[in-house]
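Enquirer: Take a look at this one; I'll ask things after.
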Amino acid sequence: MASMQAADTPTPGRIQERLTTQLPLMWFSLAFLAGIVLGSLVSLSIWVWVGLAVIFLLVAIASRIFPLSSFLSPPLSFILQPFTFILFVALFLGAARYQYSVPKFDAFHIAFYNDRDYDLLITGYLVEPPDYRDNYTNLRVEVEKVDTGDGDLPAQGLILVRASPNQTFEYGQRIRLRGKLKTPPENEDFSYRDYLAAQRVHSYMTSAEITVLPGEGGNTFLRGLYAFKQKSFNNIYRLFPDPESSLLAGILLGVDTGLTKELQDAFKNTGTAHIIAISGFNISIIAALFVTFFSRFLGARNGAILAVIGIASYTVLVGGDAAVVRAAIMGTLALFARQIGRRQFALNTLLAVALIMCLWNPLYLWDVGFQLSFFATLGLILYAEPFSNFANRIITKYLPASTGEKTAKLFSEFVLLTLAAQLTTIPIMAYHFQRISLVSFIANPFILPAQPAVMVVGGLAVLLSLAWFPLGQIAAWIAWPFVVYTIRIVELFDRVPHGTIFLGDFSVWFVILFYAALLALTFGWSSFRKWIRSLGQKTGAVGVGSVLVALVIGLLLVWRAAAAIPDGLLHVTFLDVGSADGVLIKTPSGKSILINGGESVTRLSDHLGRRISSFDRKLDWLVVAATEEEQVAALPRVLERYPPDAVLWSGNRQASFSSRILNEYLTLKGIPVIETRKDQALDLGDGATLTVLATGPRGAVLLLEYGNFRTLLPVGMSFEAQEELGYGEEVGPVSVLLLADSGYAASNPEDWVYNLNPELIVLSVSAADQNGMPDEETLEIVKDFELFRTDRNGWIEISTNGAQMWVDVERMMPVEATDVP
């Protein structure tokens, strides 16, 4: 017994052997990554760091030939081993690599020309597809030449350019830019400069004049790949309504810019943002679900292979950029490590991949996505197996063996895998985002089971639509319930009181202490048991499950169709589109009329997607009642998703850039456009009419009538129109009044409001209006009226049967029914 205990006692020699033979890459990689941090803190010449690395390499070789253990006594003989000196070599090489990555802004680098007080002419080509946003488009340009006024000079480097949102560009397109080049900004809360520097971008141009040049740059393969991605993106918006289409575009293609800020915040607050942010967190969880799903039919090994193929296909589908490749590698590593059941191998490989990626770009170490990917994968490697084994032991104590194992397996897949990944990412989330989601541990188990169907069936719908669109539409109908379920669950948990803790500034020392304590506890644990897998499922269970899934899909589709069936009421919804007007009218028989729409594509598309039938996504009428930029900027792109049968137009078509683009789009598509005239009445059916009370270069004043219900919409009202209408006397009392120009006092005089004597007043304004709207004078005038505001209430929906009206809002309980005078 004594001899056995002696054999099991870890001696310094055995500990050293374990460190150097079982986890060599892990320690070498950690030293290299620490060297990158050291290089960022201590600014020495690259040759100093290389010289130190060479010295320690020679010492390591010498200590191998002449072991120091023969000259030194413990513990020095244990510490001063060849492997210790090799770690110092890695440390100094990491510092040297960081110094090498620091850019040299000479006359051949485009950043040399930053912050000049004159315009530059820059020639280059797009190295990525354009990133379309609501109010601008981001272009990433590889510079070839720069002209400061004395002719073209050779230059290199990447710049970020902001262009007009309604201009279209393609990857590889050669362009010429005119504008001032700036250093990206930074402040105490966020350094846009560091964020772009991690992507090797050190220059920034806003308000650029852009000329497209003949010829192309870039890579032929990438050009084809990005064309495929753009076609897939367009088809997603044809197949699905918003916000489901925008969520799928984020999940399948990595393009999440179509999601409204409110919905993005809901995902963040519930700890489910990994669903739309392509990170190691997302891919690790999905990979685990993939292998479980495929293994049930093909066995563990073939299931893992198919899961890897699925991850690779997904990586190509979303464009295959560096961030996605990083996440795919991390996710695949976690999957592979769990398959072979060797944590040591996984840790070695995980750190080695981190080393390779930081060798390519040392600034990855400060990238939030890289940190989340790394630590989420680390959490799965370290804790997935122990958590699952523990759950299995507890559950099987109280349930029959077969039932207990199945229950434990499901609990592990949908709860414990998430917990394992979140445990190691909590400090990163707290440090970077100053918040911790308490509901994430509950929300994720509800959401994750639907994600394989979202990705697989949704992706299949897109692929089939590229071959034959009707076939893709059928698959989209099957995928849609899973996508809408995801959104509704996120929105439901986002409304849980105190579901998110906002921390404020979070010290990096807390992050370090957390990981130190967690890893000390982890590696101090006595042992880990092997992963227990249940092989296969009974055919009957699979069959019953398939039938249940089909029934649920059918019920949800029927529910969606039923929700779109007209209810016999007239619905007028004032959409929350900022400091502009967007009014959606749904007639008793189901016709859809949109009046203007604001400047936010994401907001308008989201509103329409929630209110227009998925099976008939079009507008019966578009009414352009004002042509200012902020009133119509969203329309050119949204109409591609919700085309109108006809357009009623009021106002100068050349009044703004977006009105010109909109006019060109309508002409190109052959959509009939009717010019408004005074007293023109548009028959909406079912007795509802939309009458043009006044019209002019600025737009139109509209009156919606249905029975005794009257709503006045002065979207394009001018001072001349006010006088023409006798400051409301010619109109008479109305049920609902929309305040003109977001509450601008001159457009809403006291006589106008009191002559109209509305039962209800609606104000459409942004929560942080840059012009300070609404005016205090206007608020004083309407203080005795029932007022609803989009900046406080969100969307405002008024329903009426012509005799009564009901009001429902996004952020307040509905009011009681009101008799229409």
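Enquirer: For the range 205-242, which residues satisfy the criterion of being touching a helix residue (DSSP H, G or I) at 6+ places or on another chain (Cβ under 7 Å) and not in a loop (DSSP other than H, G, I, E, B)?
Expert: Once the filter is applied, which keeps residues that are touching a helix residue (DSSP H, G or I) at 6+ places or on another chain (Cβ under 7 Å) and not in a loop (DSSP other than H, G, I, E, B), the range 205-242 yields LYS229, LYS231, SER232, PHE233, ASN235, ILE236, TYR237, LEU239.
Matching residues to (1) polar (S, T, N, Q); (2) crowded, with 22+ Cβ neighbours inside 10 Å; (3) assigned by TED's automatic domain parsing to the domain that holds ARG698:
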{"position": "PHE615", "(1), (2), (3)": "no, no, yes"}
{"position": "VAL624", "(1), (2), (3)": "no, yes, yes"}
{"position": "THR627", "(1), (2), (3)": "yes, yes, yes"}
{"position": "GLN631", "(1), (2), (3)": "yes, yes, yes"}
{"position": "LEU635", "(1), (2), (3)": "no, yes, yes"}
{"position": "VAL647", "(1), (2), (3)": "no, no, yes"}
{"position": "GLY651", "(1), (2), (3)": "no, yes, yes"}
{"position": "ALA655", "(1), (2), (3)": "no, no, yes"}
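Enquirer: Starting from residues that are among the polar types (S, T, N, Q) and outside any strand (DSSP E or B), keep the ones in the range 136-182 and report whichever is surrounded by the fewest Cβ atoms within 10 Å (Cβ to Cβ). Walk me through how you get there before you give the answer.
Expert: Residues of the range 136-182 that are among the polar types (S, T, N, Q), as a first pass: 137-138, 148, 156, 164, 166-168, 173.
With outside any strand (DSSP E or B) added as a condition, the list becomes 148, 164, 166-168.
Working: THR148: 13, SER164: 16, ASN166: 18, GLN167: 14, THR168: 11.
Per the stated criteria, the residue is THR168.
Enquirer: Please work out if THR711 is among the β-branched types (Val, Ile, Thr) and out of contact with any Leu (no Cβ under 9 Å at 6 or more places or on another chain). Lay out the reasoning, then the answer.
Expert: Values: among the β-branched types (Val, Ile, Thr): yes; out of contact with any Leu (no Cβ under 9 Å at 6 or more places or on another chain): no.
Against the criterion (among the β-branched types (Val, Ile, Thr) and out of contact with any Leu (no Cβ under 9 Å at 6 or more places or on another chain)), THR711 does not qualify.
Enquirer: Of the numbered conditions (1) under 21 Å from GLY609 (Cα atoms); (2) modelled with pLDDT under 85; (3) assigned to a helix (DSSP H, G or I), ASP256 satisfies every one except a single condition; which is it?
Expert: For ASP256, the exception is condition (3).
Enquirer: Among (1) part of a helix (DSSP H, G or I); (2) at pLDDT below 65; (3) surrounded by fewer than 20 Cβ atoms within 10 Å (Cβ to Cβ), which single condition is ASP265 missing?
Expert: Of the numbered conditions (1) part of a helix (DSSP H, G or I); (2) at pLDDT below 65; (3) surrounded by fewer than 20 Cβ atoms within 10 Å (Cβ to Cβ), the odd one out for ASP265 is (2).
Enquirer: While we're on this one: Which residue out of SER70, SER63, SER45 is of a type outside the set (Lys, Arg) and at pLDDT 85 or above? Full working, then the answer.
Expert: Working: SER70 fails: at pLDDT 85 or above; SER63 fails: at pLDDT 85 or above.
It is SER45.
Enquirer: Let me ask you something else. Which residues, taken from the range 565-585, are surrounded by fewer than 23 Cβ atoms within 10 Å (Cβ to Cβ) and in a strand (DSSP E or B)?
Expert: Matches in the range 565-585: HIS571, THR573, LEU584.
Enquirer: Residues of the range 431-441 being out of contact with any Asp or Glu (no Cβ under 9 Å at 6 or more places or on another chain) and surrounded by fewer than 18 Cβ atoms within 10 Å (Cβ to Cβ), which ones?
Expert: Listed by number, the residues that qualify are HIS432, PHE433, ARG435, ILE436, LEU438, PHE441.
Enquirer: I'm told GLU664 meets every condition in (1) farther than 24 Å from ILE487 by Cα; (2) in contact (Cβ under 8 Å) with a residue 24 or more places away in the chain except one. Can you identify the failing condition by its number?
Expert: (2)
Enquirer: Restricting attention to the range 351-387, and to residues there that are among the hydroxyl-bearing types (Ser, Thr, Tyr) and either in the same structural domain as ALA34 (by TED's automatic domain parsing) or closer than 30 Å to VAL102 by Cα (or both), which single residue is modelled with the lowest pLDDT?
Expert: The selected residue is SER373.
Enquirer: When you look at PRO185, is it of a type outside the set (Phe, Trp, Tyr) and crowded, with 17+ Cβ neighbours inside 10 Å, yes or no?
Expert: Criteria not met by PRO185.
Enquirer: Consider only pairs whose beta carbons are under 7 Å apart and that are at least six residues apart or on different chains; among these, list those whose first residue lies in the range 507-523 and is surrounded by fewer than 14 Cβ atoms within 10 Å (Cβ to Cβ) and whose second residue is at pLDDT below 80 and hydrophobic (A, V, I, L, M, F, W, C).
Expert: Partner pairs satisfying both residue conditions: none exist.
Enquirer: Tell me yes or no: at least one residue of the range 737-752 is in contact with a Leu (Cβ under 7 Å, 6 or more places away or on another chain), over 25 Å from GLU723 (Cβ atoms) and either not assigned by TED's automatic domain parsing to the domain that holds GLU262 or not aromatic (Phe, Trp, Tyr) (or both).
Expert: Checking the range 737-752: not a single residue is in contact with a Leu (Cβ under 7 Å, 6 or more places away or on another chain), over 25 Å from GLU723 (Cβ atoms) and either not assigned by TED's automatic domain parsing to the domain that holds GLU262 or not aromatic (Phe, Trp, Tyr) (or both).
Enquirer: In the range 115-129, which residue that is at pLDDT 90 or above and crowded, with 18+ Cβ neighbours inside 10 Å is nearest to VAL638 (Cα to Cα)?
Expert: In this case the residue turns out to be LEU126.
Enquirer: Mind checking which residues of the range 82-105 are touching a helix residue (DSSP H, G or I) at 6+ places or on another chain (Cβ under 6 Å) and either outside any helix (DSSP H, G or I) or over 30 Å from SER63 (Cβ atoms) (or both)?
Expert: Within the range 82-105, SER101, PHE105 qualify.
Let's see how each residue does on (1) surrounded by 19 or more Cβ atoms within 10 Å (Cβ to Cβ); (2) farther than 27 Å from ASN801 by Cα; (3) touching a His at 6+ places or on another chain (Cβ under 7 Å):
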{"position": "TYR665", "(1), (2), (3)": "no, yes, no"}
{"position": "LEU668", "(1), (2), (3)": "no, yes, no"}
{"position": "VAL673", "(1), (2), (3)": "no, yes, no"}
{"position": "THR676", "(1), (2), (3)": "yes, yes, no"}
{"position": "GLY685", "(1), (2), (3)": "no, no, no"}
{"position": "THR689", "(1), (2), (3)": "no, no, no"}
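Enquirer: Given the conditions (1) among the hydrophobic types (A, V, I, L, M, F, W, C); (2) farther than 21 Å from LEU247 by Cα; (3) at pLDDT below 90, which single one is not true for LEU460?
Expert: Only one criterion is unmet by LEU460, namely (2).
Enquirer: Hey, any hits in the range 390-407 for a residue that's assigned by TED's automatic domain parsing to the domain that holds LEU350, among the charged types (D, E, K, R) and either more than 38 Å from the chain's Cα centre (by Cα) or within 19 Å of LEU518 (Cα to Cα) (or both)?
Expert: Checked against the condition, which is being assigned by TED's automatic domain parsing to the domain that holds LEU350, among the charged types (D, E, K, R) and either more than 38 Å from the chain's Cα centre (by Cα) or within 19 Å of LEU518 (Cα to Cα) (or both), the range 390-407 yields at least one hit.
Enquirer: Picking from THR790, THR778, which residue would you name as being among the hydroxyl-bearing types (Ser, Thr, Tyr), closer than 23 Å to GLU491 by Cα and in contact (Cβ under 8 Å) with a residue 12 or more places away in the chain?
Expert: Numbers: THR778 fails: closer than 23 Å to GLU491 by Cα.
On inspection, the qualifying residue turns out to be THR790.
Enquirer: I'm trying to understand the selection: among the residues of the range 388-413, which are touching a Leu at 6+ places or on another chain (Cβ under 7 Å), crowded, with 18+ Cβ neighbours inside 10 Å and either modelled with pLDDT under 75 or β-branched (Val, Ile, Thr) (or both)?
Expert: The answer is GLU413, and nothing else.
Enquirer: Looking only at the range 183-204, filter to residues that are touching a residue at least 40 places away in the same chain (Cβ under 8 Å) and part of a helix (DSSP H, G or I); which one of those is farthest from GLU170 (Cα to Cα)? Write out each step before concluding.
Expert: Initial filter on the range 183-204 (touching a residue at least 40 places away in the same chain (Cβ under 8 Å)): 183, 194, 197-204.
Subsequent filtering for residues that are part of a helix (DSSP H, G or I) retains 194, 197.
On the way: ASP194: 27, ALA197: 24 Å.
The qualifying residue farthest from GLU170 (Cα to Cα) is ASP194.
The values are calculated or read from the model by the stated rules, or taken from the named source; none is laboratory data. None of these values were measured; they are calculated from a predicted model. Ideal geometry is used to build each Cβ from the backbone, glycine not excepted, and the neighbour counts take in all protein chains shown.
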